[in-house]
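Have a look at the structure below, then the notes.
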Amino acid sequence: MKFEDLRHGIDVVSADGHKLGSLSRVVVQKDTLTITHIVVDTGILRSGTPLWEGGWGLGHDRVVPLGALARVTSEAAHLTMTADEFRDLSIDYNTKQLQPLPDAKPGQLDASDLQRIAMSIPGEPGAYILSDVFAKAPDEVDIRKDSAVWRLNPHEKIGEVERVEYDGATKKVTQLVIRRGHFFSKDVILPVSYIVEVVEILEGVVRVEISDQQLEALAEFHAG
């Protein structure tokens with residue numbers, strides 16, 4: 001499998017040949033920078049009908065484990081899941097999910113019943129509360145396209161993530177390709193050894209420790 005082709009925006013295709021969306025991002029473990037999941041942007045296909053008839057009724061981003069990835073080409077990531085399996089087994093990337101407000105004493109009138117009635121919307125079956133549902137383990141973090149890359153000393157932004165490069169055997173991140181500059185930008189290769197941390201709470205900001213000399217010496221990236 002060519003993990004170097006696992007990049008933002010390529011199609012994600014089911015085992016039975018249906019386009020499910022595009023690759024939105026990958027999820028990696030913080031400490032080892034090993035890929036664990038991929039995130040699929042299903043776009044605006046949310047009508048509730050099958051994908052090949054116009055939509056899923058799913059949220060925009062869905063998460064599947066790396067084990068569901070059959071192969072990757074420069075055009076598409078192919079899953080082992082059929083379209084129906086993707087619909088039923090993928091996880092909503094949103095961290096919020098509606099769950100019914102629990103009844104403390106089912107069959108008996110109690111304080112929780114009053115709370116459920118008070119919080120419910122007229123005409124709806126009952127109250128719902130938001131609960132966190134994490135599609136990622138606590139030690140996993142996103143490295144996203146366009147995430148800012150900052151160095152610690154001096155504290156300054158040095159670019160944005162253009163793509164993430166992986167080792168096909170270990171599935172670990174080996175380097176980032178980052179954009180440097182604005183009007184006359186160029187892509188350079190940032191080895192993973194410079195990464196100090198990836199801060200999830202700051203939308204995947206990548207922090208690095210790199211000197212002026214090391215920064216200027218980064219090799220330019222040429223797709224090929």
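The values are calculated or read from the model by the stated rules, or taken from the named source; none is laboratory data. Computed from a predicted structure; not experimentally measured. In this analysis, Cβ positions are derived from the backbone assuming ideal geometry, glycine residues included, and neighbour counts consider all displayed protein chains. Each accessible area value is taken on the protein alone, full model and side chains, heavy atoms only, with ligands, DNA and RNA left out. Shrake-Rupley method; radii C 1.70, N 1.55, O 1.52, S 1.80 Å.
Table: residues versus (1) on the phi > 0 side of the Ramachandran plot; (2) open to solvent by less than 40 Å² (accessible area, probe 1.4 Å).
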site	(1), (2)
ILE143	no, yes
GLY159	yes, yes
LYS171	yes, no
VAL177	no, yes
ILE195	no, yes
VAL198	no, yes
ARG207	no, no
ILE210	no, yes
ALA219	no, no
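Look through ASP142, ASP167 and report the one residue that is farther than 19 Å from VAL199 by Cα and either in contact (Cβ under 8 Å) with a residue 40 or more places away in the chain or of a type in the set (Ser, Thr, Tyr) (or both). Can you show your working first?
Working: ASP142 fails: farther than 19 Å from VAL199 by Cα.
Answer to the check: ASP167.
So, restricting to strands (runs of 3 or more DSSP E) that lie completely within the range 33-103, which ones have at least 3 residues that are at pLDDT 50 or above? Steps first, answer last, please.
Details: elements: 35-41, 61-65, 69-72, 76-79, 96-100.
Where strands (runs of 3 or more DSSP E) fall fully within the range 33-103 and carry at least 3 residues being at pLDDT 50 or above, they are 35-41, 61-65, 69-72, 76-79.
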Quickly run through the range 169-194 and pick out the residues that are within 26 Å of GLY67 (Cα to Cα) and within 21 Å of the chain's Cα centre (by Cα). THR170, LYS171, LYS172, VAL173, THR174, GLN175, LEU176, VAL177, VAL192
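Name every residue in the range 146-157 that is open to solvent by 60 Å² or more (accessible area, probe 1.4 Å) and either in a strand (DSSP E or B) or at pLDDT 85 or above (or both), in order of residue number.
Of the residues in the range 146-157, the ones open to solvent by 60 Å² or more (accessible area, probe 1.4 Å) are 146, 150, 152-157.
The answer is ASP146, TRP150, GLU156, LYS157.
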